[in-house]
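**Student:** Structure provided below as structure tokens; questions to follow.
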Ligand code: FAD
């Protein structure tokens, strides 16, 4: 069996590549390890930045994918209980992002692709990539009945996330891996409780906490915690008590907690993001810390660059853009790594005296203050939130 592009992984990255290719009439098959139900349930990000929104609007997918997703123009910084509203809309001339839970976007990407005649093979086991540095790569896998299959292709898009198999096909001698870990821990909670009026970052001497909406009746919270913290110590009662303290909101409504996780605060980048006919997209190539809200958006940006480059190569025989794929993506990746780190330091150090010390705490609070006193600083921040086109 043969196709033009095999896409490994049906996350935001793989599904965006596949939808964009499909719109351009380029054949592709998506292979996904998990079932459709599992892929469509995974709740992670919630804000689509302006640059990512444009990817879908430009390709004519916007109406279908983003209907009902409200704009996210305001961001609240609550410093020791005192609220300050940052108006991202104002400082970027209306280029604010949209609020859409990642699993809703994934669900819509799947149904749009399938309704348009695209193909996703779910529950594909033992996916393996072969000959990616040759003229004709192929991908093998087993279907849910255990039957082995082989798909020949011109190109492979490795969109299988941080723990996927694609990245390992780039030989270590040509790959530079960058890693960085903060000496802070992140604890995240997903609850069926009312979302905040605006995305909320609470910089508080009791520790940092964030509250984001994930649809009309759901919230994601982040709490700063010691690195490697024990999940078991976070009873529901302690979660709500700490949230009320840090958000300085005694009346914060609670609700059933549906997920708790200690998140790795890792930053990770590989360079190059391609090898031969294999192209890594999204988390397969890079991880950013969560506070900049860029992980999902970078995955969409990579997917857009790759779909255009593949289209030029397949339709026009022009593979110049494919050669530029990795440097083009990495410029944005490093820009967003820097932003995410800057943001993480600002909110963590501003809150936490124990690891950062009182001097850095004052510096971080001064950074926050500047966003409200300098329109140039506010504009620079809002532009980074909007994403680079
Ligand atoms: P993934 O979403 O991980 O998709 C990869 C897909 O590949 C999966 O479906 C997986 O099952 C499949 N796969 C893996 N291995 C194989 C294999 N061997 N064969 C076949 N298929 C395979 N980002 C933001 O922008 N804002 C946020 O607020 C935000 N919050 C987050 C909160 C949490 C708790 C987490 C974990 C992440 C968050 N992120 C956020 C990051 C964001 O979710 C990721 O950056 C995004 O999912 C990347 O998309 P992806 O398609 O590259 O990878």
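The values are calculated or read from the model by the stated rules, or taken from the named source; none is laboratory data. Predicted model, so just to flag it, every value in this text is computed and none were measured. Cβ coordinates were reconstructed from backbone atoms using ideal geometry, including for glycine residues, and neighbour counts include every protein chain displayed.
**Student:** Restricting to the range 241-263, count the residues that are surrounded by 15 or more Cβ atoms within 10 Å (Cβ to Cβ) and within 16 Å of the ligand (Cβ to nearest atom). Don't jump to the end; show me each part of the working.
**Tutor:** Keep residues of the range 241-263 that are surrounded by 15 or more Cβ atoms within 10 Å (Cβ to Cβ), which gives 242-249, 252, 254, 257, 260, 262.
Imposing the further condition that a residue be within 16 Å of the ligand (Cβ to nearest atom) reduces the set to 257, 260, 262.
Residues flagged as surrounded by 15 or more Cβ atoms within 10 Å (Cβ to Cβ) and within 16 Å of the ligand (Cβ to nearest atom) within the range 241-263 amount to 3.
**Student:** On to the next question. Take residue 272 and tell me if it is more than 30 Å from residue 358 (Cα to Cα), surrounded by fewer than 18 Cβ atoms within 10 Å (Cβ to Cβ), in contact (Cβ under 8 Å) with a residue 24 or more places away in the chain and within 23 Å of the chain's Cα centre (by Cα). Show your work before the answer.
**Tutor:** On the way: more than 30 Å from residue 358 (Cα to Cα): yes; surrounded by fewer than 18 Cβ atoms within 10 Å (Cβ to Cβ): yes; in contact (Cβ under 8 Å) with a residue 24 or more places away in the chain: yes; within 23 Å of the chain's Cα centre (by Cα): yes.
In short, yes.
**Student:** Would you mind stating whether residue 68 is at pLDDT 95 or above and farther than 30 Å from residue 365 by Cα?
**Tutor:** Working: at pLDDT 95 or above: no; farther than 30 Å from residue 365 by Cα: yes.
The answer is no for residue 68.
**Student:** Here is a follow-up. For the range 81-95, state whether one or more residues are within 13 Å of the ligand (Cβ to nearest atom) and not assigned by TED's automatic domain parsing to the domain that holds residue 245. Lay out the reasoning, then the answer.
**Tutor:** The initial filter retains those residues of the range 81-95 that are within 13 Å of the ligand (Cβ to nearest atom), namely none.
The answer is no; no qualifying residue exists.
Results for (1) over 30 Å from residue 59 (Cα atoms); (2) in the same structural domain as residue 45 (by TED's automatic domain parsing); (3) within 11 Å of the ligand (Cβ to nearest atom), shown as yes or no for each residue.
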residue	(1), (2), (3)
111	no, yes, no
117	no, yes, no
137	no, yes, no
159	no, yes, yes
172	yes, yes, no
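**Student:** Answer yes if at least one residue in the range 225-240 is near the ligand (Cβ under 10 Å from one of its atoms), part of a strand (DSSP E or B) and touching a residue at least 24 places away in the same chain (Cβ under 8 Å), and no otherwise.
**Tutor:** Checking the range 225-240: not a single residue is near the ligand (Cβ under 10 Å from one of its atoms), part of a strand (DSSP E or B) and touching a residue at least 24 places away in the same chain (Cβ under 8 Å).
**Student:** Inside the range 275-298, can you point out the residues that are touching a residue at least 60 places away in the same chain (Cβ under 8 Å), in contact with a helix residue (DSSP H, G or I) (Cβ under 8 Å, 6 or more places away or on another chain) and under 15 Å from residue 327 (Cα atoms)?
**Tutor:** 275, 278, 279, 280, 281, 282, 285
**Student:** Select from the range 1-16 the residues that are over 16 Å from residue 103 (Cα atoms) and within 16 Å of the ligand (Cβ to nearest atom) and write down the one among them that is surrounded by the most Cβ atoms within 10 Å (Cβ to Cβ).
**Tutor:** Within the range 1-16, the subset over 16 Å from residue 103 (Cα atoms) is 1-8.
Retained after the next criterion (residues that are within 16 Å of the ligand (Cβ to nearest atom)): 3, 5-8.
Values: 3: 17, 5: 23, 6: 25, 7: 33, 8: 30.
Once the filter is applied, the top-ranked residue is 7.
**Student:** While we're on this one: Just for the range 17-42: of the residues that are within 16 Å of the chain's Cα centre (by Cα) and within 8 Å of the ligand (Cβ to nearest atom), which one is nearest to residue 139 (Cα to Cα)? Quick ask: steps written out before the conclusion?
**Tutor:** Step one: filter the range 17-42 for residues within 16 Å of the chain's Cα centre (by Cα), giving 17, 39-42.
Narrowing the set further to residues that are within 8 Å of the ligand (Cβ to nearest atom) leaves 39, 42.
Details: 39: 21, 42: 26 Å.
Per the stated criteria, the residue is 39.
**Student:** Does residue 267 satisfy the criteria of being over 25 Å from residue 152 (Cβ atoms) and in contact with a strand residue (DSSP E or B) (Cβ under 9 Å, 6 or more places away or on another chain)?
**Tutor:** On the way: over 25 Å from residue 152 (Cβ atoms): yes; in contact with a strand residue (DSSP E or B) (Cβ under 9 Å, 6 or more places away or on another chain): yes.
Considered against the rule, which asks whether it is over 25 Å from residue 152 (Cβ atoms) and in contact with a strand residue (DSSP E or B) (Cβ under 9 Å, 6 or more places away or on another chain), residue 267 comes out as yes.
**Student:** Please report, ordered by residue number, the strands (runs of 3 or more DSSP E) entirely within the range 136-216 with at least 3 residues that are within 20 Å of the chain's Cα centre (by Cα).
**Tutor:** On the way: elements: 138-142, 148-152, 155-158, 176-181, 185-191, 200-203, 209-213.
Fully inside the range 136-216 and qualifying: 176-181, 185-191, 209-213.
**Student:** Could you tell me which numbered condition residue 133 fails, if it satisfies all but one of (1) in contact with a strand residue (DSSP E or B) (Cβ under 9 Å, 6 or more places away or on another chain); (2) in contact (Cβ under 8 Å) with a residue 60 or more places away in the chain; (3) within 14 Å of the ligand (Cβ to nearest atom); (4) not in a helix (DSSP H, G or I)?
**Tutor:** If we test residue 133 against (1) in contact with a strand residue (DSSP E or B) (Cβ under 9 Å, 6 or more places away or on another chain); (2) in contact (Cβ under 8 Å) with a residue 60 or more places away in the chain; (3) within 14 Å of the ligand (Cβ to nearest atom); (4) not in a helix (DSSP H, G or I), just (3) comes out false.
**Student:** Which of the following residues is modelled with pLDDT of 95 or more and in the same structural domain as residue 109 (by TED's automatic domain parsing): 18, 45?
**Tutor:** Working: 45 fails: modelled with pLDDT of 95 or more.
Criteria check complete, one pass: 18.
**Student:** One residue is enough: does the range 152-159 have a residue meeting the conditions at pLDDT 95 or above and surrounded by fewer than 18 Cβ atoms within 10 Å (Cβ to Cβ)?
**Tutor:** Narrowing the range 152-159 to residues at pLDDT 95 or above: 152-159.
Still in the list and also surrounded by fewer than 18 Cβ atoms within 10 Å (Cβ to Cβ): 152.
Among the residues of the range 152-159, at least one is at pLDDT 95 or above and surrounded by fewer than 18 Cβ atoms within 10 Å (Cβ to Cβ), which makes the answer yes.
**Student:** Which residue out of 330, 280 is closer than 18 Å to residue 160 by Cβ and touching a strand residue (DSSP E or B) at 6+ places or on another chain (Cβ under 7 Å)?
**Tutor:** Numbers: 330 fails: closer than 18 Å to residue 160 by Cβ.
When all the criteria are applied, what remains is 280.
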